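Below is one structure, written out as structure tokens; comments come after it.
The values are calculated or read from the model by the stated rules, or taken from the named source; none is laboratory data. Values in this document were obtained by computation on a predicted structure and should not be read as measured data. Glycine gets a Cβ as well: all are built from the backbone with ideal geometry, and neighbour counts include every protein chain shown.
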Amino acid sequence: MSMLAVNEPVFDEPLTVLPPPGDSTTIHRVWFALAQKSWTSLVVVPTDRSVRTEGVVESLAAAGQQHAERTVRLVDATGAQLRDYLRIATSFRMSGAANCMIVRLDPIADNPTALGLARAASLVLVVARFGESRLSSMRRLVEAVGRERVAGCVVVP
């Protein structure tokens, strides 16, 4: 896997490479893997600004609506500012067992509020770009949000 392959694992979970848009099988597998964990808020964080996450969050939300026994809400928190932090972080805690949130964030290197929100969420899903994302960026992201919070990583083409 070019730059993402290493001898020492970055995550406890394996990396998942997402196929081109239109194939929903892989995103459903990602949803079911996430469903095995206990969470009410999942933030989706790109390794850097060149990585697009819209398709990942929209596909996950659609899979969740289709398969979940609870309501899945999609929140786009890109561009969130410090003044937005408390409102968004509080909504994480209010989700509860019947609801869950999938939240799209900016790269943490570009927006410090994104780091705070990632730390406040139940789980973090890292999104990297095949052949472009740097392993060092992934490691910094995992260290910043806390390895125990990272559910895994998806790699987009």
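Against the definition (in contact with a Lys or Arg (Cβ under 7 Å, 6 or more places away or on another chain), touching a residue at least 60 places away in the same chain (Cβ under 8 Å) and surrounded by fewer than 13 Cβ atoms within 10 Å (Cβ to Cβ)), how does Ser38 come out, yes or no?
The answer is no for Ser38.
Of the conditions (1) over 11 Å from the mean Cα position of the chain (by Cα); (2) over 18 Å from Gly55 (Cβ atoms); (3) among the polar types (S, T, N, Q), Ser122 fails just one. Which one is it?
It fails just one condition, (1).
What residue, among those in the range 60-85 that are among the polar types (S, T, N, Q) and at pLDDT below 90, is nearest to Trp39 (Cα to Cα)?
Result: Thr71.
Out of the residues in the range 82-105 meeting the condition of being in contact with a helix residue (DSSP H, G or I) (Cβ under 6 Å, 6 or more places away or on another chain) and not hydrophobic (A, V, I, L, M, F, W, C), tell me which one is farthest from Val51 (Cα to Cα).
The extreme case among them is Tyr85.
Quick one: Ile108 ticks every box in (1) buried (at least 18 other Cβ atoms within 10 Å of the Cβ); (2) more than 20 Å from Gly55 (Cα to Cα); (3) not acidic (Asp, Glu) except a single one, so which number is it?
Result: Ile108 fails condition (2) only.
In the range 125-149, which residues are within 19 Å of Thr26 (Cβ to Cβ) and of a type in the set (Val, Ile, Thr)?
Across the range 125-149, the qualifying residues are Val126, Val127.
Would you mind stating whether Ala128 is buried (at least 20 other Cβ atoms within 10 Å of the Cβ), at pLDDT below 95 and over 23 Å from Val72 (Cα atoms)?
Considered against the rule, which asks whether it is buried (at least 20 other Cβ atoms within 10 Å of the Cβ), at pLDDT below 95 and over 23 Å from Val72 (Cα atoms), Ala128 comes out as yes.
What about Ser50, is it closer than 16 Å to Ser122 by Cα and over 12 Å from the mean Cα position of the chain (by Cα)?
So Ser50 fails the test.
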